[in-house]
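*Asks:* Handing you a structure now.
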Amino acid sequence: MSGVWIVFRREMAGLFLTPLGWVLFLLALVVNGLYFTAFIQVTGGDVGASLSLALGGGYPFWVIMVLLPPLLTMRMVSEEARSGMLEFLLTAPIRDVSVILGKALAATSFLGLLFGSNLIYALICMSLGATLDWGHIATAMFGTVLVSALFCSIGLVASTLTNTPLIAAFLGFFLNVVMLSLRFLEGTLKGLDAGLRESLMRKVDVIAHFQSSFVRGALDTADIVFFLGWTGVFLFLATRLLEARRWW
Amino acid sequence: MITVSELTRTFGTFTAVDDLSFHLEKGEVAGFLGVNGAGKTTSMRMLTGFLPATRGSVEIAGFDVMRQSLEARRHIGYLPEGVPLYGEHRLREMLEFQARLHHLPRKEAKRRIGEVLARVELTDRAEHLIGKLSKGLRQRAGLAVALLPSPDVLILDEPTSGLDPIQRISVRNLISELASEHTVLVSSHILPEIEAVCQRVIILHQGRMAANGTPEELMREFKRESAVTLEAFMPDPADAARLLGTLPGVESVQQGERLGIHYAFKIRCDDDLREDVGALAAAKGWALRELSFEKPSLERIFSRIAFEVEAESGVKPAAPVVRAESAPIAITPLLSELPLAGSTAPVEPPAPKKIVYNLNPFDSGRDRDLGKPKSTGGDDS
C-alpha cells in the first residue's frame, strides 16, 4: 500500500514539474470558465443547475473526459518504458500493481483538481448571494472523480500497449469513445431477448449511470460499484499488460 | 550471494543467453565481459528480475528473484544501461524517491543521501536538475541512486560508459572500495576496466559462458595463449619449423607468410621461450629480425574467444597484434644495397648508427657470413 503512495507522490510531482501538466491545467480552466459562463446564461442564472451541467450534466463534460485523461496518462508508462525508467521501477522493491495504482491515482487526482476548479465559481457565486445545495455539489464532484478514475485507467491500458506516448494518447481517445458508445450497440442486438438486452446495456452505459444518480445528487451504491468495477477491470488489465511487457 | 543456475533466455528463435551458471560469494567483484550482443544486459536484467528467464533460476541473497521477487529486489542495487533517472527532478529528490522505495526511515535516508553524494563526489550538485546534468555526472548520479539503500548486491551495467578517463579511474576506485561491503557485478566491453577491478571475470560469448575465473586462473587456463614470434631469414624454413617444434615447451609452430626474404613463425608455448629460440637461431645462423614474446593477457583470451574461428586459421589475423612496427618491412635497407638504390627516397627516417645485415640474395647472399654485419651507419640508405 505504501508503494502506491510513493508512486502517487512521484507522479503528482512529475505532472506539476513538466509543462504538460500546467498546459492541461490552463486549458481546462479556460474551457471550464467559458462553459460555466455559458451554462449560467442558458439556465437563466441558476448556479446549482449550471454546476450540475458542468459536472456531468452537459456534453462538454464528456468531451473533456474523452480528451484529457489519455493526455495525462499517455506518458505514464510508454515514456518510462522508452527512457528505461520502467526498468528502474520494476526492479525496485515495489509491486507492479502499486505502480499502476499509484499512476492511476495521480492522474485521477489531477483530473479531480481540474474539475474541482468549478467549485471556485460556486464559491464566488455564493459570496455574491446565491444559495447552493452543497450536498448535491459534493455528490456530483464525487461522481466526477469516479468517472475520471475510469477513463484514466483506460488511458493507462493504452499507455502500457505502446512505447510512443502519442500513439498511447490516440489509442486512449479511441478506447474512451468506444467505452462511451457501447450503449449504441443496442440497435445491433435486436435479435436478443429484450430483457437480456436491457440488462446488458445497463452494464455498459456509463453516461446513464452517471447522470441518473450523481448528477441528480443521489448517491447510489449500485452506480458506485458500476464505476469502481469497470475501473478495476481496466486497472487489472493494465497491471497484467505491464507484467506482460517484461516478456517482450 | 548470487547463485545463477542454467539461466537461459530466448527471444523467439534467438537465444540471447544460453545455460549460464555461476556463483558469487559475498564481497566478490565480478566482471561480465563480452562483445556487443553477447548477452550481458539480458543476463543482468534476468538477475534483477526485470526479465523473466525462459529456463533456470537466479537466487540473490537466498531469495529466488522470480518467486520471492520483492525480498530479492530489496537486496539489489541496479544501475541499468541507459542510467534512467527522472530528468525533471533534482538529484536530491530522486535519491529521496529511491529511499522511500526502499523504506529507509527519514533520518537514515538523510544520512545515506549525504554519504552517497559524497562518495560519488556530487555533493555540490544535489540541488541540480538531473535533466541538466552532463552524461558523466548523470552516470555518477545513477550510481548514487543504486548505492543509496546500501544493497548487498550491486549490479552495474556498463557503469563507466560515457565517462572521461579521470572519472573512469574514480569510478573504478569506487567499485573496488565497494567490494568490502557489497557483492558487485559489473559489465563492460572494456577489458582493462574489468582487469583492474574484478577478482573474477565471466566472459560471455554469443550468450554462452566462455570462461569463468580469476584473471590469473584464466591466464593459466589459456596458457598456451602465450606465444613467441620469430622473424628471421633462413635457408630452409620447413626445417626451421621442425627444429623449433622440438624445443621443450613448444605447443605448436605456425609458419606465417614470407615477408620479403624473411620467414615469420608464431610459436605457441607455455612459457617465455625467447632465449631458447634465440639460442637456436644463433646456433643455426639464422639472421634474426624479430623475436618477441606475447603474454596471455585477458585481451588475448577475450579476442581468442570472440574470434575463435579466425584465430584458428593461422598467424595472419593475429599478426597485427604481434608486430606493430612491421608494416613497411625491412626491404628498404636491402634495396639500398642494389645499384639502383640511390634514386629511391628513404622510407624510414634516418636512424643513428644502425647495423644492417645484408641479406640480399642477389648480392653474393648465401656465401656470405651472415653472422657479421656488412656495413654500419644509418646515413647510407
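The values are calculated or read from the model by the stated rules, or taken from the named source; none is laboratory data. Treat the numbers as computed from the prediction; the structure is a model and nothing was measured. FYI the Cβ positions are ideal-geometry reconstructions off the backbone, even for glycines, and counts take in every protein chain you see. The area values use the complete protein model at the heavy-atom level, side chains included, leaving out ligands, DNA and RNA. Shrake-Rupley method; radii C 1.70, N 1.55, O 1.52, S 1.80 Å.
*Asks:* If you build a Gaussian network model of chain A, linking Cα atoms that sit under 10 Å apart, which residue out of A:Thr231, A:Thr73, A:Thr18 swings the most?
*Replies:* In the Gaussian network model the winner is A:Thr18.
*Asks:* Still on this structure: Report the calculated FRET efficiency for B:Met66 and B:Glu25 (r = Cβ-Cβ distance, R0 = 25 Å), to the nearest 0.05. Don't skip to the end; give the middle numbers.
*Replies:* On the way: r = 22 Å, r/R0 = 0.90.
Plugging the Cβ-Cβ distance into 1/(1 + (r/R0)^6) gives 0.65.
*Asks:* Once you sort the root eigenvalues of the Cα gyration tensor of the protein assembly as shown as a ≥ b ≥ c, which label holds: rounded (a/c under 1.5), prolate (a/b larger than b/c) or oblate (the other case)? Could you put the intermediate results ahead of the total?
*Replies:* Details: a/c = 3.12, a/b = 3.02, b/c = 1.03.
Prolate.
*Asks:* Once ligands and nucleic acids are excluded and a 1.4 Å probe is used, how much of A:Trp5 is accessible, expressed in Å² to the nearest 10?
*Replies:* 140 Å²
*Asks:* Return the sequence-ordered ³J(HN,Hα) values of region A:158-165 in whole Hz as given by the Karplus equation 6.51 cos²θ - 1.76 cosθ + 1.60 applied to θ = phi - 60°, using x for Gly and Pro.
*Replies:* After applying 6.51 cos²θ - 1.76 cosθ + 1.60, I find 4, 5, 6, 7, 9, 9, 10, x Hz.
*Asks:* Would you mind classifying region B:31-116 by shape? Square roots of the alpha carbon gyration tensor eigenvalues, ordered a ≥ b ≥ c; an a/c under 1.5 is rounded, otherwise it is prolate if a/b is larger than b/c and oblate if not.
*Replies:* Details: a/c = 2.57, a/b = 1.53, b/c = 1.68.
It is oblate, given that a/c is not under 1.5 and a/b is not larger than b/c.
*Asks:* Now a separate question. Cα centroids of region B:118-151 and region B:67-89: how far apart, whole angstrom?
*Replies:* With region B:118-151 and region B:67-89 each reduced to a Cα centre, they are spaced 15 Å.
*Asks:* Among B:Pro215, B:Leu185, B:Ala281, whose Cα sits farthest toward the positive end of the charge dipole of region B:149-299 (+1 at Cβ of Lys/Arg, -1 at Cβ of Asp/Glu, about the Cα centre)?
*Replies:* Checked the options; the winner is B:Ala281.
*Asks:* Taking R0 as 35 Å, what's the FRET efficiency between A:Ile167 and B:Arg55 from their Cβ-Cβ distance, rounded to 0.05?
*Replies:* Working: r = 33 Å, r/R0 = 0.96.
Efficiency computed from Cβ-Cβ geometry: 0.55.
*Asks:* Now for a separate question. When a/c is below 1.5 the answer is rounded, else prolate if a/b is larger than b/c, else oblate, so apply that to chain A with a ≥ b ≥ c taken from the square roots of the Cα gyration tensor eigenvalues.
*Replies:* On the way: a/c = 2.01, a/b = 1.29, b/c = 1.56.
Taking the square roots of the gyration eigenvalues as a ≥ b ≥ c, chain A is oblate.
*Asks:* Take the Cβ-Cβ distance between B:Asp124 and B:Glu181 as r, set R0 to 35 Å, and report the resulting FRET efficiency rounded to the nearest 0.05. Mind showing how you got there, number by number?
*Replies:* On the way: r = 25 Å, r/R0 = 0.71.
Given R0 = 35 Å and the Cβ-Cβ separation, E is 0.90.
*Asks:* Shifting gears a bit: Distance cut-off 25 Å, Cα to Cα: go down the list B:Lys266/B:Lys295; B:Lys40/B:Lys135; B:Lys26/B:Lys132 and report the pairs above it. Write down the numbers at each step before the final one.
*Replies:* Working: B:Lys266/B:Lys295 13 Å; B:Lys40/B:Lys135 22 Å; B:Lys26/B:Lys132 36 Å.
Violating the 25 Å Cα-Cα cut-off are B:Lys26/B:Lys132.
*Asks:* Percent of accessible area on region B:138-186 owned by carbon and sulfur, 1.4 Å probe? The partial results should precede the final answer.
*Replies:* Values: 740 of 1410 Å².
About 52 percent, which is the carbon plus sulfur part of the accessible surface.
*Asks:* Work out the length of the dipole vector of region B:178-226 about its Cα centre, built from +1 on the beta-carbon of each Lys and Arg and -1 on the beta-carbon of each Asp and Glu, and round it to the nearest 20 debye.
*Replies:* Working: 5 positive and 7 negative charges, 47 e Å.
It works out to roughly 220 debye.
*Asks:* As I understand it, the value is the acute angle between the Cα axis of helix A:2-17 and the longest principal axis of the Cα atoms of chain A; what does it come to in degrees, rounded to 10?
*Replies:* Taking the Cα atoms of chain A, the angle to A:2-17 is about 70 degrees.
*Asks:* While we're here: Which value, in Å² rounded to 10, gives the accessible area of A:Lys203 with a 1.4 Å probe and all protein chains present?
*Replies:* Answer for A:Lys203: close to 130 Å² accessible.
*Asks:* State, in square angstrom and to the nearest 100, the accessible area buried between chains B and A, both chains counted, probe radius 1.4 Å. Mind dumping the intermediate values first?
*Replies:* Details: alone 19490 and 12260 Å², together 29140 Å².
Approximately 2600 Å², summed over both chains.
*Asks:* Suppose every Lys and Arg Cβ carries +1 and every Asp and Glu Cβ carries -1, with no other charges. What dipole size does the protein assembly as shown come out with about its Cα centre, to the nearest 20 debye? Write down the numbers at each step before the final one.
*Replies:* Details: 62 positive and 67 negative charges, 295 e Å.
Here the size comes out at about 1420 debye.
*Asks:* Another one. Give a residue-ordered list of calculated ³J(HN,Hα) values for region B:287-292 (Karplus: 6.51 cos²θ - 1.76 cosθ + 1.60, θ = phi - 60°; whole Hz; x for Gly, Pro).
*Replies:* 8, 6, 10, 8, 9, 9
*Asks:* Compute the accessible area per residue over chain A, keeping the other protein chains in place, probe 1.4 Å, unit Å². Don't jump to the answer; show the numbers that get you there.
*Replies:* Values: 10930 Å² over 248 residues.
Computed with neighbouring chains in place, this is 44 Å² per residue.
*Asks:* Can you tell which of A:Leu51, A:Leu68, A:Leu20 shows the greatest fluctuation in a Gaussian network model of chain A with Cα springs below 10 Å?
*Replies:* A:Leu20
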